[in-house]
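The values are calculated or read from the model by the stated rules, or taken from the named source; none is laboratory data. Note that the coordinates shown come from a computational prediction; the quantities given were computed from them, not determined experimentally. Ideal geometry is used to build each Cβ from the backbone, glycine not excepted, and the neighbour counts take in all protein chains shown. In case anyone asks, the SASA skips ligands and DNA or RNA and just uses the protein heavy atoms, side chains included. Shrake-Rupley method; radii C 1.70, N 1.55, O 1.52, S 1.80 Å.
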Amino acid sequence: MSRAVEQFLPFALPDIGEEEIAEVVASLRSGWVTTGPKARQFEDDFANWLEGGVEAISVNSATAGLHLALEALDVGPGDEVITTTHTFTATAEVVRYLGADPVFVDISADTLCIDPEAVERAITPRTKVIIPVHFAGRSAEMSEILDIARRHGLKVVEDAAHALPTTSNGRLVGTLDSDVTVFSFYANKTITTGEGGMLVTRNPAIAKRARTMRLHGINRDAFDRFTATVPSWYYEIIAPGFKYNLTDIAASIGIHQLRKARAFQTRRQHIAEQYNEALSGLPLILPPLPREGDLHSWHLYVVQLGAGGGRARDAFIERMFERGIGMSVHYVPLHLQPYWRDRYDLKPDMFPVSQRVFDRTATLPLYTRMTDGEVERVVRAVKESLG
Ligand SMILES: *Cc1c(COP(=O)(O)O)cnc(C)c1O
């Protein structure tokens, strides 16, 4: 009976505090609402937070950041970019923005991230870039991928939308030896600015190009001109750029979210550990753990039903909803999406691991504001719904 009055537990919720709210209000009162001092501070804070001698360039989405990264690497028609089928469409659509072709490969069952051997098999003379995704916040096999890239003269752009903070062999994602790393601050990510993202690179030429292309191909941004001490009306357009800058309103949120990123991860990990313990012994495959000593951001807690295909999974999610628990599926793999499937003639048997995972997968609620009582409520609902 009490279940009927229990509140619906959403799948994800942002964790916004009074600090974020006050900073946004200060921005609104300051008269400077677009890209300016707060965006610059957020970039500086982000680069310092990574402690990796990198430059951080704020953008209005990770999608924009991925697009800028590939543009700066000169990806264009005739080029191929290898990525995973088990991701959000943004990872691959940016390749099409530039007229190049994504080449989709399968994931490893023990990481749910791109399979390095499949990457190597997919390399052709046209291959230019590899885009690994740190799925759910567990690092992809970066030393293998970077080694493949080095041996074949390829670039690496990490889709780190899930990976703040995540480590790979003890190093924070964002400070590895790839060419560019892109983070997302979308509403349900580990830190959020509503919409937003950060492009991170240690290559000054890529940073310069991304800064220019982020704002119309202008060689100085509006804030530079506004704060210059010499007459500042003059600027030059050096390319047909994009409109990808992050507003100061959004950056005001990000400055405070970033300061909480470590504490957020601690809370997420604690919830993941509660799930791991309470759900072991059930007919479920629990999420892959990070390598010994590595940090998992626990952006997502993804389980697989031990038996049965999509129908069992769908019924499971339905029963969770009946118990007031919001669920999701990460992802409907790209080889099943009409655009990608039809354009590249993709078939499920080309991606057996991703297909099997998709058929059985469901994502449980996991966010910092969940109470221990709510975690227990999810566990109870899982046990009832599997029955
Ligand atoms: C969220 C997400 C993106 C896109 O992020 P936006 O900031 O919404 O553009 C890209 N890749 C993956 C894997 C994501 O989960």
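Odds and ends about this structure:
- A Cβ distance below 6 Å, combined with a sequence gap of six or more or placement on separate chains, defines the contacts here; from the range 309-320, residues that are without any contact (Cβ under 8 Å) to a residue 24 or more places away in the chain and in the same structural domain as residue 358 (by TED's automatic domain parsing) reach no residue that is among the hydroxyl-bearing types (Ser, Thr, Tyr) and open to solvent by 40 Å² or more (accessible area, probe 1.4 Å).
- Check on residue 265, away from the ligand (no atom under 16 Å from the Cβ) and either at pLDDT 95 or above or not assigned by TED's automatic domain parsing to the domain that holds residue 146 (or both): yes
- In the set 138, 121, 150, only one residue is assigned by TED's automatic domain parsing to the domain that holds residue 84, open to solvent by 10 Å² or more (accessible area, probe 1.4 Å) and in contact with a Cys (Cβ under 9 Å, 6 or more places away or on another chain); that residue is 138.
- Of the criteria (1) under 30 Å from residue 319 (Cα atoms); (2) open to solvent by less than 60 Å² (accessible area, probe 1.4 Å), which one residue 13 fails: (2)
- Selection of the range 166-203 for residues being outside any strand (DSSP E or B) and away from the ligand (no atom under 16 Å from the Cβ) yields 169, 170, 175, 176, 177, 179, 202, 203.
- The range 265-378 holds helices (runs of 4 or more DSSP H) entirely within its bounds, and those carrying 2 or more residues that are open to solvent by less than 30 Å² (accessible area, probe 1.4 Å) and over 24 Å from residue 134 (Cβ atoms) map to 310-322.
- Close Cβ contacts (under 6 Å, 6 or more residues apart or on different chains) running from residues in the range 135-162 that are among the small types (Gly, Ala, Ser) to residues that are within 15 Å of the ligand (Cβ to nearest atom) and assigned to a helix (DSSP H, G or I) comprise 161/62.
Yes or no, residue by residue, for (1) open to solvent by less than 20 Å² (accessible area, probe 1.4 Å); (2) in contact with a Lys or Arg (Cβ under 9 Å, 6 or more places away or on another chain); (3) modelled with pLDDT under 95; (4) not assigned by TED's automatic domain parsing to the domain that holds residue 215:
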site	(1), (2), (3), (4)
45	no, yes, no, no
49	no, yes, no, no
54	yes, yes, no, no
66	yes, no, no, no
74	no, yes, no, no
98	no, no, no, no
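- Where a residue in the range 99-110 is closer than 13 Å to residue 124 by Cβ and its partner, wherever it lies, is assigned to a loop (DSSP other than H, G, I, E, B) and of a type in the set (A, V, I, L, M, F, W, C), with Cβ under 9 Å and at least six apart: 100/75; 103/123; 105/351
- Residues that are assigned to a loop (DSSP other than H, G, I, E, B), in contact with a strand residue (DSSP E or B) (Cβ under 7 Å, 6 or more places away or on another chain) and open to solvent by 20 Å² or more (accessible area, probe 1.4 Å) within the range 76-96 comprise just one, 79.
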